[in-house]
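These notes are about the structure you will find just below.
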Amino acid sequence: AKDLGIWVTEKNELLTPELLAQFDILWMPDPLSLPISSVPIGDQSLPFPLLQSEIDAIVEFVNSGGSLCVDFNGPVEFSDGSTGGTNITGINSLISQFDITARDNQQSIGVGVSFAETLNSSSPVGSTTKLTHVGTVLVVGPTATALTYFKATDGATVAINEYGNGGRVMVASTNFWADNFG
């Protein structure tokens, strides 16, 4: 993006409506790779690393025409505590706001690297025909659209939700999503 003259900045601070209003797109690469735990802030114990106020700010940002790109390196850490890198409760707290969720299902973890087929040649995936997939799949509700599909576990790996106000949300359950399978 920088090579194309797009202003890109990294922020490592609380997401607020005021902060997000400065931007057109919020990209959150692997935003919840750390387990969610209780961290005392003042006299309150709040979830970490994504607070409900931050989720609310992101929803407001999208509802105001901003776009969100979330990609996380599945597999996830399932609610039963089994192995994974991304906290499924945390990621679903965010992406479920946009009619997309990560599946909490042990069967969604493949053995080794597999590929997901492209369902649609929209701009986010362009001419890509297959995508490296090493993790979980997404459940896509009626207002969202699956862009890629992993037949082995019957689920999407990349999905979008587009809003009439210009806001767009793209969620990818692997951060290798634009590679034509390696």
Would you call Thr101 at pLDDT 85 or above and either in a loop (DSSP other than H, G, I, E, B) or open to solvent by 80 Å² or more (accessible area, probe 1.4 Å) (or both)?
no
Take Leu19 and decide whether it is at pLDDT 75 or above, part of a loop (DSSP other than H, G, I, E, B) and either out of contact with any Phe, Trp or Tyr (no Cβ under 9 Å at 6 or more places or on another chain) or surrounded by 15 or more Cβ atoms within 10 Å (Cβ to Cβ) (or both).
no
Pairs, please: C-beta under 9 Å, at least 6 apart or cross-chain, first residue at pLDDT 80 or above and surrounded by fewer than 20 Cβ atoms within 10 Å (Cβ to Cβ) and in the range 144-169, second among the acidic types (Asp, Glu) and part of a strand (DSSP E or B)?
Thr145/Glu162; Arg168/Glu162
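The values are calculated or read from the model by the stated rules, or taken from the named source; none is laboratory data. Predicted, not measured: the structure shown is a model, and the values here were computed from it. No Cβ is skipped: glycine too gets one built from the backbone with ideal geometry, and neighbour counts run over all protein chains shown. Accessible surface areas use protein heavy atoms only, side chains included; no ligands, DNA or RNA. Shrake-Rupley method; radii C 1.70, N 1.55, O 1.52, S 1.80 Å.
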